[in-house]
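Below: the structure, in structure tokens.
The values are calculated or read from the model by the stated rules, or taken from the named source; none is laboratory data. The shown structure was predicted, so the numbers you read here are calculated from the model rather than taken from an experiment. Every residue, glycine among them, receives a Cβ derived from its backbone with ideal geometry; neighbour counts consider all protein chains shown.
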Amino acid sequence: MKIQAEPFRKIGAASAAEIAARIDLSAEARAFLLPTLSPQGFLALLVEAQMMGDAIRFLAFALPAREAIWWACAVAHTTLPEQTELDRACIEHSASWVYGASEQMRRACFVRAEQAKFEGAAAYAALAVFWSGGSLAPEGMPDVVADPKLCPIGVGASVLLSITSGDPLGLALRFEQAMERGVIIANGGNGWLKDDRPLKLTNQAFVAPVIEAH
């Protein structure tokens, strides 16, 4: 896939180095990281080199939390080959938080991830919500502030687990589609590709751009 040359609408960092400073990238990826390289330029190099883990982690850290979590939801919803009831619950709770972030829903996402034994792409999407802000301690206990890196780490883990969950022969295509979704979201769109069945929540199909008002 070809990554655009113009800046992504939803990514405020002027340089890739600004984002990469917070990420554990591979030595091979860091070899591409020139001081003046833009976020979209660096991402294009990673995608072209098929550095899947580095590309996914970079975009997860580059996007704002709500857009990043929506990316994880969209990829899991469209990519996981066999979704359990708990998978669907994790994805739907995470999507609900994107559409109406609240402390109640943030903690509900943790409960769903716990029920899923903190395993799998959908559980990591829900964990990313829980790690997005607020206290990690049980309600009524002294606050424990999350490390800001946890949310994008959860998103990256979710997307990577989604694309590696199916037939190995289709991995390259699933990676490309995941990155296409991420780029659409980075530009303010909804992340759906042609022929997708958008995620439905409470009988509403979420087909419009999801983050435009924020």
Q: Please work out if R57 is out of contact with any strand residue (DSSP E or B) (no Cβ under 9 Å at 6 or more places or on another chain), assigned to a loop (DSSP other than H, G, I, E, B) and charged (D, E, K, R).
A: no
**Q.** Matching entry among G140, G134, G100 (being more than 18 Å from A74 (Cβ to Cβ) and out of contact with any helix residue (DSSP H, G or I) (no Cβ under 8 Å at 6 or more places or on another chain))
**A.** G140
**Q.** Residue count, region 180-195 (criterion: touching a residue at least 24 places away in the same chain (Cβ under 8 Å) and farther than 25 Å from L127 by Cβ)
**A.** 3
Q: Would you please list the contacts, defined by Cβ atoms under 7 Å and residues six or more apart or on different chains, that run from a residue in region 156-179 that is under 16 Å from L63 (Cα atoms) and in a helix (DSSP H, G or I) to a residue that is charged (D, E, K, R) and at pLDDT 95 or above?
A: G156/R57
(Q) Quick check on my filter: what residues within region 119-147 are out of contact with any Leu (no Cβ under 9 Å at 6 or more places or on another chain), touching a residue at least 40 places away in the same chain (Cβ under 8 Å) and farther than 17 Å from D87 by Cβ? (A) G133
Q. Can you tell me how many residues in region 22-42 are of a type outside the set (S, T, N, Q), within 21 Å of W71 (Cβ to Cβ) and out of contact with any helix residue (DSSP H, G or I) (no Cβ under 6 Å at 6 or more places or on another chain)?
A. 2
Q. Residues in region 159-176: is at least one polar (S, T, N, Q) and under 21 Å from I11 (Cβ atoms)?
A. no
Q) Quick check, is D24 under 14 Å from G182 (Cβ atoms) and without any contact (Cβ under 8 Å) to a residue 60 or more places away in the chain? A) no
